[in-house]
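See below for the structure under consideration.
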Amino acid sequence: MEIIIQPNVEIATALAARLLGKIIREKPEVVLGLATGSTMEVHYRSLEANKLDWSGVTTFNLDEYVGLAPDHPQSYHHFMQKHLFQHVNVSPQSVNIPDGMAKNIPAECEAYERKLFAAGGIDLQLLGIGTDGHIGFNEQTSSLASRTRLKTLTPQTRKDNARFFGSEEQVPHHVVTMGIGTILESRHCVMLAFGARKAKAIAEAVEGPITSMNPASALQLHPKVTVFLDEAAAADLTLKNYYRWVYDQKPDWQKL
Ligand code: F6R
């Protein structure tokens, strides 16, 4: 895992956007795995500033709430339109987001996995992290081999996400999410985490044991993970000075 610690959110997101820009320029037909949430909101803003050509890009979102129509202001369909898709030239036919309104959720999940496979798999998966270590909506004790499926949100995640809905009661109980096994098949995982509330989850994910109690810790099994942090999110990392040193020693050809 490569841990990149930056002084603040703006610098960290600009750097992550540079990485994404490099990847889109190198492979215009890239398949991207996308996430939502407040971390991604900031990231998508800095991506937009990079004026990239998205015409060949295919996207697969990690998750969606069950029971929210695409035009619901808190649906992830709506989030993606508002924060990314309406600002870039991605083709609507190349955008994939799980259908939380599907009548047959298990069939929708299987179809999503098949579509992902047919697209050749994900080249780069963007990830945020929950305060409990969830990635996508794979909550604590999710199988580390899980595939796209229905999940029940924990009370903590519903509380965390209530800020988007106005009240906790309005946060759906269920979601469709790519599994941890699905995420681990991406060729490159890029995680972003900012702020003190993420510090514990990040320290456990990066330096703790691999455990379903912190689903993001499964990323330790992945050969190519890049984690962008601000100082606050990096605060609990035991080896933070080592990660900084490694980053400073990077050979020129590896620099962003
Ligand atoms: C949502 C997703 C979640 C979020 C996580 C952090 O698509 O993948 O795992 O990344 O809940 O959310 P924020 O960034 O709002 O703290």
TODO: Specify the residue with the greatest mean-square fluctuation among A102, A118, A205, computed from a Gaussian network of the chain linking alpha-carbon atoms under 10 Å apart.
DONE: A118
TODO: Would you work out what percent of the accessible area of the chain, with all protein chains in place, is carbon or sulfur (probe 1.4 Å)?
DONE: 54
Task: Charge sum, other residues only, whose C-beta stays under 13 Å from G179's C-beta, Lys/Arg counted +1 and Asp/Glu -1 - done: -2
TODO: Using DSSP to define loop residues, name the GluC sites (Glu not before Pro) in segment 1-86 whose beta-carbon has at most 10 other beta-carbon atoms within 10 Å.
DONE: none
Open item on the list: Suppose the chain between K250 and H222 were pulled fully straight at 0.36 nm per residue; how much longer would it get relative to their current alpha carbon spacing?
Closed with: 8.0 nm
TODO: Give the share of C-alpha pairs in each 5 angstrom bin for segment 104-256, from 0 to the last occupied bin, in whole percents, shortest bins first.
DONE: 2, 9, 16, 20, 19, 16, 10, 6, 2, 1, 0
Task: Charge sum, other residues only, whose C-beta stays under 12 Å from L32's C-beta, Lys/Arg counted +1 and Asp/Glu -1 - done: 0
TODO: Give me the accessible area per residue for the chain, probe 1.4 Å, as a whole number in Å².
DONE: 45
Task: With eigenvalues of the C-alpha gyration tensor scaled by 5 and rooted, segment 66-138, Å - done: 18, 17, 17
Open item on the list: Under the 0.36 nm per residue contour assumption, what length would be gained going from the current alpha-carbon distance of A111 and F164 to full extension?
Closed with: 16.2 nm
Open item on the list: What distance in nm separates the two pseudo spin-label positions at M1 and H174, each 7 Å out from Cα along the beta-carbon direction?
Closed with: 3.2
Open item on the list: Just want the answer: with Cβ charges of +1 for Lys and Arg and -1 for Asp and Glu, which residue in M80, N104, A69 is farthest toward the dipole's positive end in the chain?
Closed with: M80
Task: Cross-link pairs beyond the 31 Å C-alpha cut-off, checked among K82/K103; K22/K103; K82/K151 - done: K22/K103
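The values are calculated or read from the model by the stated rules, or taken from the named source; none is laboratory data. These numbers come from a predicted model, not from an experiment. Backbone-built Cβ (ideal geometry, glycine too); neighbour counts: all protein chains shown. Just so you know, the surface numbers come from the protein's heavy atoms only, side chains and all, with ligands and any DNA or RNA stripped out. Shrake-Rupley method; radii C 1.70, N 1.55, O 1.52, S 1.80 Å.
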